[in-house]
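What follows draws every value from the coordinates through simple rules; no lab data is involved. All figures in this text were calculated on a predicted structure; none of them were measured in a lab. Neighbour counts run over all protein chains shown; Cβ positions are idealised from the backbone, glycine included.
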Amino acid sequence: MLKIFSHYFPLHVVRRLCIDLFLLVAAVVVSAAFRPHAGELIWKDLLPSALGFSTVMVIASFALGLYRPVDEDSPRAAFARLVLAVLFCLPTGYGLLLLLPWSGFASLSMQIQLLVLTLVVLILRVSLNRSQASSLFAPRILVVGTGEDALEVQRILLHPEQGRVEVQGFFSPGNSDEQVVDAGKIVSSGSLTNAVSQLKIDEIIVAVRERRGSTLPVRELLDCKLLGVRVFDLSSFHERVRRQVRLDSLRMSWLIYGSGFQQSLRQVLVKRIFDLAVGLALLVACAPLMIVIALLIVFEDRGPVFFRQERVGLGGQVFRVIKFRSMRPGAERNGGPLWTVSNDSRITRVGRIIRRLRIDELPQLLNVLMGDMSLVGPRPEQPYFVDRLAREIPFYGIRHCVKPGLTGWAQVRYQHGSSVDDAVQKLQYDLYYVKNHTLVLDTLVLLETVHVVLTG
């Protein structure tokens with residue numbers, strides 16, 4: 001994992017982004033080099049233009065999900081992802097070529113060459129993304145613990161999203177730790193330092209909750225860290241790898257003394273300017289789509305277009321959120337608030353489509369401009385559910401220390417929730433956002449939201 005502006009990025013994804021960026025820049029240079037009178041090219045204009053074109057193409061590919069783990073996808077899904085990328089990236093690339101300040105050396109034939117080379121890069125990305133990551137830079141990991149937590153750590157590390165890692169085994173910290181992992185993978189090298197030295201370990205994951213007494217070899221862990229081995233506990237492991245703050249390993253002292261959870265005036269001001277600028281641009285860009293949705297809602301049942309509902313925002317303050325109506329009029333009038341479930345009979349046909357594509361939330365851009373919400377943040381809940389969840393889930397109120405968002409880290413990392421268990425999973429992602437939110441993370445969430453909207 002690579003930490004950039006308080007957010008953890010998978011190293012294999014960063015590596016692929018850099019490779020594709022280099023390939024696209026090289027494609028521009030090669031296309032220019034084959035032109036007649038190539039020596040007369042204005043390189044001081046060519047290279048910035050090449051970098052700008054390549055950056056936009058890589059960002060578009062990222063937003064369309066070409067860098068997501070693909071082992072969970074079928075070949076048909078990978079092909080559909082490629083088709084979507086081609087349909088979006090090639091017209092965008094052609095429009096970008098017309099806007100770039102290189103009319104003096106970018107002929108029509110050069111532009112066609114660039115679009116063909118861009119198509120080749122997209123095909124290579126989809127093909128290579130389906131293969132296993134190289135083991136050349138794979139970290140060698142030792143898990144301290146043999147219980148359920150150690151087994152979960154192994155399962156997370158072996159997920160395709162993490163790239164290639166090598167789990168060398170499990171080190172038993174003492175007789176008190178239960179053994180549910182494969183007995184053949186338990187390391188029996190005496191001391192922890194000996195095991196680390198023999199196996200050439202790069203990282204140690206401490207998957208043990210009980211740390212009192214002689215359960216954990218603290219002195220040996222310190223010796224390993226002084227030798228250059230990276231050591232992580234469960235809390236830091238889940239934050240770094242899963243990009244969530246786990247409730248089952250969370251302590252009040254960690255919230256008080258740990259890094260993050262900062263709300264400086266500068267951060268608030270910069271985020272507000274970002275919300276206003278991007279929110280206004282999105283409202284203008286989405287206006288035609290919003291008009292079409294409004295007409296479809298009216299034509300279906302002649303009911304109201306918008307739906308207003310009380311939600312809990314910053315500091316626990318209640319405000320009224322605006323949405324496109326996706327349910328029958330008066331769906332909650334008799335029974336009170338209810339979680340939406342799969343195949344909910346209250347949802348209209350148009351509502352089912354716009355909810356699946358997450359575009360029923362578009363009118364909340366008005367809430368963003370009015371200052372009740374932000375573009376990115378924890379999704380606001382109804383007061384009824386907030387009161388219930390705050391009683392059942394520890395630290396739930398922390399999510400209200402930032403403005404709620406039109407979209408959020410939990411929304412792009414987890415499915416639509418309809419239970420307390422789902423609320424727990426989403427809260428863990430919300431806590432990660434509250435702890436680490438920056439404009440970089442906000443931009444990443446917006447790009448991931450594009451992928452969710454385009455693919456449903």
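Give, in nm to one decimal, the length gained when the segment between Arg240 and Arg349 is fully stretched (0.36 nm per residue of separation minus the Cα-Cα distance). Don't skip to the answer; put the middle values down first.
Details: separation 109, 0.36 × 109 = 39.24 nm, distance 4.05 nm.
In short, 35.2 nm is gained.
Amide H contacts under 5 Å for Phe171: Val143, Val144, Gly145, Val187, restricted to partners 5 or more places along the chain or on a different chain, H placed in the peptide plane at 1.01 Å from N. Phi angles across region 160-169 convert, under the Karplus curve 6.51 cos²θ - 1.76 cosθ + 1.60 with θ = phi - 60°, into 3J(HN,Hα) values of x, 4, 8, x, 8, 10, 10, 7, 6, x Hz, Gly and Pro given as x. Farthest towards the positive end of the charge dipole of the chain, among the residues Val13, Gln198, Thr92, is the Cα of Thr92, using unit charges on the Cβ of Lys, Arg, Asp and Glu. Evaluated with a Cβ-only charge set (Lys, Arg +1; Asp, Glu -1), the chain carries a dipole of roughly 740 debye about its Cα centre, given to the nearest 20.
Over the chain, the pair-distance histogram of Cα-Cα distances with 10 Å bins from zero comes to 4, 17, 24, 24, 19, 10, 3, 0 percent, rounded to whole numbers. The listed peptides 370-376, 93-99, ordered by packing as a protection proxy, come out as 370-376, 93-99 (highest mean of other Cβ atoms within 10 Å first). Expressed as a whole number of Å, what is the distance separating the alpha-carbon centroids of region 422-456 and region 237-294? That distance is 7 Å.
Please compare each pair in Lys185/Lys225; Lys271/Lys323; Lys3/Lys225; Lys3/Lys403; Lys3/Lys435 to a cut-off of 21 Å on the Cα-Cα distance and tell me which ones are over it.
Numbers: Lys185/Lys225 23 Å; Lys271/Lys323 23 Å; Lys3/Lys225 19 Å; Lys3/Lys403 24 Å; Lys3/Lys435 14 Å.
Flagged as over cut-off: Lys185/Lys225; Lys271/Lys323; Lys3/Lys403.
Under a 5 Å amide H cut-off, with hydrogens placed 1.01 Å from N, Gly408 pairs with Gly377 among residues at least 5 apart or on other chains. Under a 5 Å amide H cut-off, with hydrogens placed 1.01 Å from N, Phe9 pairs with Leu2, Lys3, Ile4 among residues at least 5 apart or on other chains. Computed log10 I(q)/I(0) for region 344-431 at 0.25 Å⁻¹: -1.36, from the Debye equation with unit scatterers placed on every C-alpha and solvent omitted.
Multiplying the residue separation of Ser264 and Tyr384 by 0.36 nm and removing their Cα-Cα distance gives an extension gain of 40.1 nm.
Computed from phi, the 3J(HN,Hα) profile of region 312-323 under the Karplus parametrisation 6.51, -1.76, 1.60 (θ = phi - 60°) reads 9, x, 4, x, x, 6, 8, 9, 9, 8, 10, 9 Hz, with x in place of Gly and Pro.
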